[in-house]
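J.: Below is the structure I would like to discuss, written out as structure tokens.
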Amino acid sequence: MNDLLSGPPLTTRRRGTVLVVDDEEGVRASIRAILEETCEVLEAEHGAAALDILAQREVDLVMLDQRMPGESGVDVLPRVKALDPSVVVVIATAVRDVRTAVEALKRGAYDYLIKPFEVDDIIALADRVLEKRELEREVVSLRSALAGGNVEAVGFEGLVGRHPEMTRLYQLITQIAPTPTTVLITGDSGTGKELVARAIHRRSDRRNAPFVAVNVAAIPETLVESELFGHERGAFTGAHARRLGRFELAHGGTVFLDEIGSLRIDLQSKLLRVLQEREIERVGGQRPVPVDVRVLAATNTNLRAAVRERTFRDDLFYRLNVVPLHIPPLRERREDIPHLVEHFVRKAARDCRRDVRGVSAGALEVLTRYDWPGNVRELENVIHRAVVLATRPVLHLQDVPLDVAMPETGARLTEDDGLPLREACDRFERQYVLRVLERVQWNVSRAARLLGVHRNTVLAKLSAWGVQRPGTGTDGRSASL
């Protein structure tokens, strides 16, 4: 899985810096000769000189002699760590003293070496320290990426992907989140518009206040106004008590209005007033109620076209579209699919307590090739189903639904297709045979037995339909499953 879904290769490790602090010139020269091909080696005769160097240079490893003129190595150690808490310090001494070793470790030493040194021990120590420092830098870099929207990050606030359009989206979210600006998020269904809205909220000054999401299209038309703005007792039949709307519930925080294009024209004018005046009127209310909310809206329709068709107010469109954010469909960022697959496999395996850890090359190839009309949501559902039904730790081609692995043949037959009987029978036969093959993991002999026909009959039908086993190359040989 790691080979299939890993990011770009790491860059070559940078040349490390080692500071040798010892009053014996021979010791310093020996260590320099051992490490100078892979490291920059600095030298100091005593603790004071070492501290001067550390005040001016970034050092990865300090090899600190215990017995030197002036302060001992254990006494200099805390001052070294005070200058650079991340530097690795190793105490070196010619005397085997357990108490000194314990004291050195208590004061922050990484290790404790006994003179005379073995060449292999010095090389191994330097390698361990430099690897440790490199990993620490990677952690700092990743944390910085997540905090600052760095374009190299694979994920960002729940969003997964490193396609240029996605990294641009991360940067825009980082820029606009601290502002009070209204944002219109566009994109096909299933692309993650609510995730973008939540990312904006989490990075804003309102992060500790409510985030209230409203799917406008999912609310019956007669109830939309009450849901958004609330109502007073007796405002209509069944209104037995005052009810606060979503805007009041989100006071101090963020309201996310999904599928804003479905909002009725008369309510569009009321929403416009909320955006302009920062106040709402409950249904049946006599006075305006001030609200402090940031409005984020989303749509999967073309609001500009709706404005031209007079089904959406132009003034509301311009008020919402202060900062437009567009999420590209999954078919336009296929290089993100492996990262999403890895993410969803881990998530589904954790949530469903299944031992599934990866995806085969053949399965990943067909998942990447598929167009995903339902976008990220569809991909997540497919992976979730595959993880739940999997019988092995790695998902294989047979775990991928046929309509994803072979979309040209996997479409389901319905009576609405209006096909002649012969063509409908042929299509049903093809789908039935392919489903049986899928169930038996494309074992043609087993499928033939279940179908009650000869194996050659199945092969002949597959050839006539121009169907190859998923993952089979143009030379007819099966890809690794």
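The values are calculated or read from the model by the stated rules, or taken from the named source; none is laboratory data. Since the model is a prediction, treat every value here as computed from it, not as a measurement. Ideal geometry is used to build each Cβ from the backbone, glycine not excepted, and the neighbour counts take in all protein chains shown.
J.: Only one of these is of a type in the set (K, R), more than 23 Å from T179 (Cα to Cα) and exposed (fewer than 15 other Cβ atoms within 10 Å of the Cβ): R242, R207, R282. Name it. Spell out the reasoning first.
T.: Numbers: R207 fails: more than 23 Å from T179 (Cα to Cα); R282 fails: exposed (fewer than 15 other Cβ atoms within 10 Å of the Cβ).
Matching residue, one of R242, R207, R282: R242.
J.: Separate question: Quickly run through segment 201-214 and pick out the residues that are closer than 18 Å to F247 by Cβ, part of a loop (DSSP other than H, G, I, E, B) and not charged (D, E, K, R).
T.: Correct list: S204, A209, P210.
J.: I need a count of the residues in segment 227-240 that are farther than 14 Å from G285 by Cβ and either modelled with pLDDT under 90 or outside the structural domain of P290 (by TED's automatic domain parsing) (or both).
T.: Within segment 227-240, the subset farther than 14 Å from G285 by Cβ is 227, 237-238, 240.
Checking the rest, the ones that are also either modelled with pLDDT under 90 or outside the structural domain of P290 (by TED's automatic domain parsing) (or both) come to 237-238, 240.
So the count comes out to 3.
J.: It is to be established whether one or more residues within segment 435-451 are more than 27 Å from L389 (Cα to Cα), in a helix (DSSP H, G or I), at pLDDT 80 or above and not β-branched (V, I, T).
T.: First pass over segment 435-451, keeping only residues more than 27 Å from L389 (Cα to Cα): none.
No - not one qualifying residue is present in segment 435-451.
J.: Among (1) within 20 Å of H251 (Cβ to Cβ); (2) surrounded by 15 or more Cβ atoms within 10 Å (Cβ to Cβ); (3) out of contact with any Leu (no Cβ under 8 Å at 6 or more places or on another chain), there is one condition A297 misses while meeting the rest; what is its number?
T.: In the conditions (1) within 20 Å of H251 (Cβ to Cβ); (2) surrounded by 15 or more Cβ atoms within 10 Å (Cβ to Cβ); (3) out of contact with any Leu (no Cβ under 8 Å at 6 or more places or on another chain), A297 misses (3) alone.
J.: Also: For segment 115-141, which residues satisfy the criterion of being at pLDDT 80 or above and not in a loop (DSSP other than H, G, I, E, B)?
T.: Those that are at pLDDT 80 or above and not in a loop (DSSP other than H, G, I, E, B): V119, D120, D121, I122, I123, A124, L125, A126, D127, R128, V129, L130.
Rundown of residues vs (1) assigned to a loop (DSSP other than H, G, I, E, B); (2) free of Cβ contacts under 8 Å to residues at least 24 places away in the same chain, yes/no style:
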position: R331; (1), (2): no, no
position: E335; (1), (2): no, no
position: E342; (1), (2): no, no
position: R350; (1), (2): no, yes
position: R354; (1), (2): yes, no
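J.: Are any residues in segment 50-70 at pLDDT 85 or above and farther than 12 Å from D22 by Cβ, and if so, which ones?
T.: L51, D52, I53, L54, V59, D60, L61
J.: In this structure, is D403 modelled with pLDDT under 80 and assigned to a helix (DSSP H, G or I)?
T.: Values: modelled with pLDDT under 80: yes; assigned to a helix (DSSP H, G or I): yes.
So D403 fits the description; yes.
J.: So, in segment 16-61, how many residues would count as being of a type in the set (V, I, T) and either surrounded by fewer than 16 Cβ atoms within 10 Å (Cβ to Cβ) or not in a strand (DSSP E or B) (or both)?
T.: Step one: of segment 16-61, the residues of a type in the set (V, I, T) are 17-18, 20-21, 27, 31, 34, 38, 41, 53, 59.
Then drop every residue that is not either surrounded by fewer than 16 Cβ atoms within 10 Å (Cβ to Cβ) or not in a strand (DSSP E or B) (or both), which leaves 27, 31, 34, 38, 53, 59.
Result for segment 16-61: 6.
J.: Within the set of pairs 6+ apart or on separate chains, which have a first residue in segment 200-216 that is more than 19 Å from P324 (Cβ to Cβ) and in contact (Cβ under 8 Å) with a residue 24 or more places away in the chain, a second that is among the polar types (S, T, N, Q) and outside any helix (DSSP H, G or I), and C-beta atoms under 8 Å apart?
T.: R206/T254; A209/T254; P210/T254; F211/T254; V212/T254
J.: Mind checking whether some residue in segment 177-191 is modelled with pLDDT of 90 or more, of a type outside the set (S, T, N, Q), buried (at least 19 other Cβ atoms within 10 Å of the Cβ) and over 21 Å from E259 (Cβ atoms)?
T.: Yes - at least one qualifying residue is present in segment 177-191.
J.: Now, a different point. What number of residues within segment 168-200 are part of a loop (DSSP other than H, G, I, E, B) and either assigned by TED's automatic domain parsing to the domain that holds E378 or over 18 Å from F317 (Cα atoms) (or both)? Talk me through it step by step, then tell me what you get.
T.: Pass one, segment 168-200, residues part of a loop (DSSP other than H, G, I, E, B): 177-182, 187-192.
If we keep only those that are either assigned by TED's automatic domain parsing to the domain that holds E378 or over 18 Å from F317 (Cα atoms) (or both) as well, we get 177-179, 188-192.
Selection size over segment 168-200: 8.
J.: Would you call L320 in contact with a Gly (Cβ under 7 Å, 6 or more places away or on another chain), under 23 Å from R168 (Cα atoms) and not assigned by TED's automatic domain parsing to the domain that holds V388? Let's see the steps before the verdict.
T.: Numbers: in contact with a Gly (Cβ under 7 Å, 6 or more places away or on another chain): no; under 23 Å from R168 (Cα atoms): yes; not assigned by TED's automatic domain parsing to the domain that holds V388: yes.
So L320 does not fit the description; no.
J.: I'd like to know if segment 327-336 contains one or more residues that are surrounded by 20 or more Cβ atoms within 10 Å (Cβ to Cβ), over 18 Å from the mean Cα position of the chain (by Cα) and within 23 Å of G158 (Cβ to Cβ).
T.: no
J.: Going by what's in this entry, would L228 be described as over 24 Å from the mean Cα position of the chain (by Cα), touching a residue at least 40 places away in the same chain (Cβ under 8 Å) and buried (at least 21 other Cβ atoms within 10 Å of the Cβ)? Full working, then the answer.
T.: Values: over 24 Å from the mean Cα position of the chain (by Cα): yes; touching a residue at least 40 places away in the same chain (Cβ under 8 Å): yes; buried (at least 21 other Cβ atoms within 10 Å of the Cβ): yes.
Here the answer is yes, as L228 does meet what is asked.
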